[in-house]
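One structure is given below, encoded as structure tokens.
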Amino acid sequence: MKYSRQEVEQYIEEEDVKFIRLAFCDVFGRQKNVSIMPPELPRAFEYGIAIDASAIAGFGDETHSDLLLRPDPDTLVPLPWRPEQGRVVRMFCSVTYPDGRAFECDCRTLLKKAVQDAKDAGYDFFFGVEQEFYLFKLDENDACTRVPYDEAGYMDIAPEDKGENIRREICLTLEQMGIRPESSHHEEGPGQNEIDFRYSDPVTAADNALTFQMIVRTLAHKNGLFADFTPKPLEGAPGNGFHINMSVKDPAGRVILDSMIAGILDQIQDMTVFLNPSEASYDRFGSQKAPKYISWSSENRSQLVRIPAAVGEYRRAELRSPDPTANPYLAFSLLIYAGLHGLKDLLILPPAADLNLYTADAQTLSRFQCLPETLSDARIAAAGSAFINEHLPDCIINMYCNR
């Protein structure tokens, strides 16, 4: 539900809200928040709430430490696991300088700009995401043990699948917060799970991706477990993917994919450090359905991009390389700009790779470019990219590329 400022203030008063979490994320996509009491809400809307930016990754140092959080009333949601009396709600915020200027490292604002740039060009982008995570047992000190919660496999059912009730609780909580999960199931790894979301506009999809991880971690801990979203939690087991489904409509409302996909393939090497920002991200590539080569196909899950079987408005492209440590606001921004690059320049898709790249011989594989093999390779590609330098501020590029 979308709220105005006045409706938020009325809701806070009528629903016995005692704490308002003002949420944002750092450059690497880690969610942060500060809580205020209801009497401070008018000030938050009018002037913003000050934070010490020097303590947040990528947000500045002690010499320029004051930034302001300005809540977006559209994003008001209650946190269902908090008490009914003295309720807690959350709003996402824009981050600005004290003089009102947008803070250049506010990734949510960057995504809003990308969405507007696409609209100005006549295109509307839509995203749906699939996030995988492991559930591990906790020890007596509440620390993660790396012992999987179960030994079930792909789409197994209870009693082998012990995560069924937790996924159910997660999905019901998401619904209470106005987020619509599409499906959920046990994944291939022991203790590994996946929950998929319906399509939405890019900013809402990124907000939901951030909210999802918070909910999963909260409810896992409530059940005596640790939720792990890292790319490769267990050696020899499948990694965690953050599969991004996207489509674009032209001014006539038609879904168009080919040129969008061609643009993404053209820029994927330069974008990879923002989609896969950790050393472990590159241990995942090239095995157990995680891509290694720059290719596309219909349905084939060994490819970087696949086009799942669907018709009409449900046609979409699925990018399979990102992992859940990616900042969704940055990831979606770059994918929009890469898609626009393909659309504006009328790029042509290369031939589909309708073969299994995990079993192909060396001669066949030599025809394909690889994704960066290490974090260092990905950083070098991004730092020298005209595309990246055009669409991201230096402060973010410097943080990701260590330059």
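Here are a few things to note about the model shown:
- Count of the stretch 117-146 residues which are open to solvent by less than 70 Å² (accessible area, probe 1.4 Å) and more than 22 Å from D207 (Cβ to Cβ): 10
- Test: residue in the stretch 142-154 that is modelled with pLDDT of 95 or more, under 25 Å from P80 (Cβ atoms) and touching a Ser or Thr at 6+ places or on another chain (Cβ under 8 Å): no
- The single residue among G241, G263, G236 that is at positive phi and of a type outside the set (D, E, K, R) turns out to be G236.
- Test: residue in the stretch 222-236 that is farther than 20 Å from E187 by Cβ and open to solvent by 10 Å² or more (accessible area, probe 1.4 Å): yes
- Here K2 clears all of (1) without any contact (Cβ under 8 Å) to a residue 12 or more places away in the chain; (2) of a type in the set (D, E, K, R); (3) part of a loop (DSSP other than H, G, I, E, B) except the condition numbered (1).
- Hey, G178 in contact (Cβ under 8 Å) with a residue 12 or more places away in the chain, open to solvent by 50 Å² or more (accessible area, probe 1.4 Å) and not hydroxyl-bearing (S, T, Y) or not: yes
- Output for the stretch 174-202, where each listed residue is farther than 20 Å from M155 by Cα, over 16 Å from the mean Cα position of the chain (by Cα) and acidic (D, E): E175
- Out of S183, S200, one residue alone is open to solvent by 30 Å² or more (accessible area, probe 1.4 Å), small (G, A, S) and under 30 Å from R21 (Cβ atoms). It is S183.
- Only a single criterion out of (1) outside any helix (DSSP H, G or I); (2) of a type in the set (G, A, S); (3) open to solvent by less than 10 Å² (accessible area, probe 1.4 Å) is not satisfied by A338, namely (1).
- Filtered residue count, the stretch 95-112, keeping only those that are open to solvent by 30 Å² or more (accessible area, probe 1.4 Å) and touching a helix residue (DSSP H, G or I) at 6+ places or on another chain (Cβ under 8 Å): 4
- Residue-level check: of (1) over 19 Å from the mean Cα position of the chain (by Cα); (2) closer than 24 Å to D323 by Cβ, G58 misses just (1).
- Candidates are the residues of the stretch 76-94 that are of a type outside the set (A, V, I, L, M, F, W, C) and either farther than 30 Å from E169 by Cα or modelled with pLDDT of 95 or more (or both); the one that is surrounded by the fewest Cβ atoms within 10 Å (Cβ to Cβ) is S94.
- With respect to being among the aromatic types (F, W, Y), under 19 Å from P238 (Cα atoms), touching a helix residue (DSSP H, G or I) at 6+ places or on another chain (Cβ under 9 Å) and open to solvent by 40 Å² or more (accessible area, probe 1.4 Å), Y149 fits the description.
- Residues that are in contact (Cβ under 8 Å) with a residue 40 or more places away in the chain and open to solvent by 40 Å² or more (accessible area, probe 1.4 Å), drawn from the stretch 288-319: Q288, K289, K292, S298, G312, E313, R315, R316
- Among the residues listed as A386, A352, the single one being modelled with pLDDT of 95 or more, open to solvent by 30 Å² or more (accessible area, probe 1.4 Å) and hydrophobic (A, V, I, L, M, F, W, C): A386
- Total residues in the stretch 1-18, condition under 26 Å from the mean Cα position of the chain (by Cα) and open to solvent by 60 Å² or more (accessible area, probe 1.4 Å): 2
- Some residue of the stretch 317-334 being of a type in the set (A, V, I, L, M, F, W, C), farther than 26 Å from Q213 by Cα and in contact with a Leu (Cβ under 8 Å, 6 or more places away or on another chain): no
- Restricting attention to the stretch 53-75, the residues that are open to solvent by 10 Å² or more (accessible area, probe 1.4 Å), out of contact with any Cys (no Cβ under 7 Å at 6 or more places or on another chain) and either β-branched (V, I, T) or not in a helix (DSSP H, G or I) (or both) total 9.
The values are calculated or read from the model by the stated rules, or taken from the named source; none is laboratory data. Please read all numbers here as calculations on a predicted model, not as lab measurements. Methodologically, a virtual Cβ is constructed for each residue, glycine included, from the backbone with ideal geometry; neighbour enumeration extends over all protein chains shown. Just so you know, the surface numbers come from the protein's heavy atoms only, side chains and all, with ligands and any DNA or RNA stripped out. Shrake-Rupley method; radii C 1.70, N 1.55, O 1.52, S 1.80 Å.
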